[in-house]
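All remarks here apply to the structure that follows.
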Amino acid sequence: MHELSLISNLFDMLEEPVREKNARRITRVKLQVGLLAGAVPELLKTAFDVYKKDTPAADAVLEIVEVPFHVRCRRCGFEKTGDDYIVLCDSCGSNDLEILAGTELILEKVELEVD
Amino acid sequence: MKTKQVMVLKDLLGSNNKIADEIRSKLTDQGILTINLLSSPGAGKTTLLEALSGSLRPKFSMAVIEGDIETERDADRIRAKGIPAWQIQTGGACHLDARMIGRLFPEIPADLDFLFIENVGNLVCPAGFDLGESLRFVLLSTPEGDDKPKKYPKAFTTSDLMVISKVDLAPMLPFDIEQARREALEINPRLQVFTTSARTGDGIPALSDYLIAELERLRRGHA
């Protein structure tokens, strides 16, 4: 359940925009979660709901966009996107693939209520 | 009252990764090779460290950071060998993070050769957290089964080296060493694979030679 520590990091990161914009509260938080990031969206949502109590995000909605794998073959340059783990290049059969997307855990944007 | 959209686009692990990079740069500047050990509980991380200490310590110094949810047991085992050890009790957290290592940093002797960090036994959560290590090892013990690399890919794709441990038990188990090696290399072609038995000492000299070569490489790079 390392989702809890990820959400704890998220709340640390939310302090800056709230302070900078002098916001009353946070209404929406949007994350990009790669399918290979090792974090489970459902568990992130549960952890978010536990953490948000008594914070400026108490009524906020957590939106999660899941990012598919995107790999490029280091041998032939062939690229492929998928929602499952890709280990072999469809074009040349090489297993030397570079992961270009699908491992990210990114706070994309925050929606704030301001005066 | 109005709403405002603020684009952030920052990594949720950004603060961890920043601390990890600072730790890595300090440790490599000091010429210390740091290894983060991942595995399931009971795969033999502490026993491997005990065995490695026998072949490394005549010439090299080492220290160990132990991560466990509770108890001081692993650090006690390492200290019994005369090796400096620090126990981090995570109190429930399923992995170490860079901040926990950073807090110990002032206590780590600057003239050390090897610093081993034994992560909390778990093939899932520790894989996501950079601790500032130079190398990441994942242990797979033969009783666990040879199908683990693809079931827990992140631990194997983020590691530099896989140790297949407890190979002395392999003849009694339905564990195919070549199958485990093949499966791991399919998802991480750059993985180095070693087989060890801490009980018989099989494979321990080869692994310590590898570590010594990596230490020399790190020091040449920072000379």
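So the values come out like this:
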read-out	value
Subset of the range B:105-130 [out of contact with any Phe, Trp or Tyr (no Cβ under 9 Å at 6 or more places or on another chain) and of a type in the set (Gly, Ala, Ser)]	B:Ala110, B:Gly121, B:Gly128
Residues (hydrophobic (A, V, I, L, M, F, W, C), within 12 Å of chain B (Cβ to nearest Cβ) and not in a loop (DSSP other than H, G, I, E, B)) located in the range A:63-115	A:Ile64, A:Phe69, A:Val71, A:Cys73, A:Leu97, A:Ile99, A:Leu105, A:Ile106, A:Leu107, A:Val110, A:Leu112, A:Val114
Members of the range B:148-160 that are surrounded by 17 or more Cβ atoms within 10 Å (Cβ to Cβ) and in contact with a helix residue (DSSP H, G or I) (Cβ under 6 Å, 6 or more places away or on another chain)	B:Pro149, B:Pro153, B:Lys154, B:Ala155, B:Phe156, B:Thr157, B:Thr158
Among the residues listed as A:Leu100, A:Leu107, the single one being buried (at least 17 other Cβ atoms within 10 Å of the Cβ) and under 21 Å from the mean Cα position of the chain (by Cα)	A:Leu107
Residue in the range A:43-53 that is facing chain B (nearest Cβ under 8 Å) and surrounded by 15 or more Cβ atoms within 10 Å (Cβ to Cβ) present	no
The range A:61-97, subset closer than 20 Å to B:Pro149 by Cα and in contact with a Cys (Cβ under 6 Å, 6 or more places away or on another chain), residue surrounded by the fewest Cβ atoms within 10 Å (Cβ to Cβ)	A:Ser94
Subset of the range B:101-113 [surrounded by fewer than 24 Cβ atoms within 10 Å (Cβ to Cβ) and either among the aliphatic types (A, V, I, L, M) or closer than 26 Å to B:Gly42 by Cα (or both)]	B:Leu104, B:Ile108, B:Ala110, B:Leu112
Residue that is surrounded by fewer than 13 Cβ atoms within 10 Å (Cβ to Cβ), of a type in the set (A, V, I, L, M) and over 22 Å from B:Gly128 (Cβ atoms), where the choices are A:Ala58, A:Ala23	A:Ala58
Matching residues, the range A:22-42, being within 9 Å of chain B (Cβ to nearest Cβ), touching a Ser or Thr at 6+ places or on another chain (Cβ under 9 Å) and either of a type in the set (S, T, N, Q) or assigned to a loop (DSSP other than H, G, I, E, B) (or both)	A:Thr27, A:Leu36, A:Ala37, A:Gly38
Subset of the range B:90-108 that is within 18 Å of B:Val124 (Cα to Cα) and not in a helix (DSSP H, G or I) - its residue that is farthest from the other protein chains (Cβ to nearest Cβ)	B:Gly91
Residue within the range A:3-21 that is among the aliphatic types (A, V, I, L, M) and in a strand (DSSP E or B) present	no
Helices (runs of 4 or more DSSP H) contained in the range B:1-87 and holding at least 3 residues within 14 Å of chain A (Cβ to nearest Cβ)	B:14-29
Complete set of residues in the range B:161-203 that are among the basic types (Lys, Arg) and surrounded by fewer than 18 Cβ atoms within 10 Å (Cβ to Cβ)	B:Arg182, B:Arg190, B:Arg199
Subset of the range B:70-113 (residues that are out of contact with any strand residue (DSSP E or B) (no Cβ under 8 Å at 6 or more places or on another chain), in contact (Cβ under 8 Å) with a residue 12 or more places away in the chain and farther than 24 Å from B:Gly54 by Cβ)	B:Gly91, B:Gly92, B:Ala93, B:Cys94, B:Asp97, B:Ala98, B:Arg99, B:Gly102, B:Phe105, B:Ala110
Test result for A:Lys21, among the charged types (D, E, K, R) and over 15 Å from B:Leu12 (Cβ atoms)	yes
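Where a number appears in this text, it was derived from the coordinates with a stated rule and is not lab data. Treat the numbers as computed from the prediction; the structure is a model and nothing was measured. Reconstructed Cβ throughout: ideal geometry from the backbone, glycine too, with neighbour counts over all protein chains shown.
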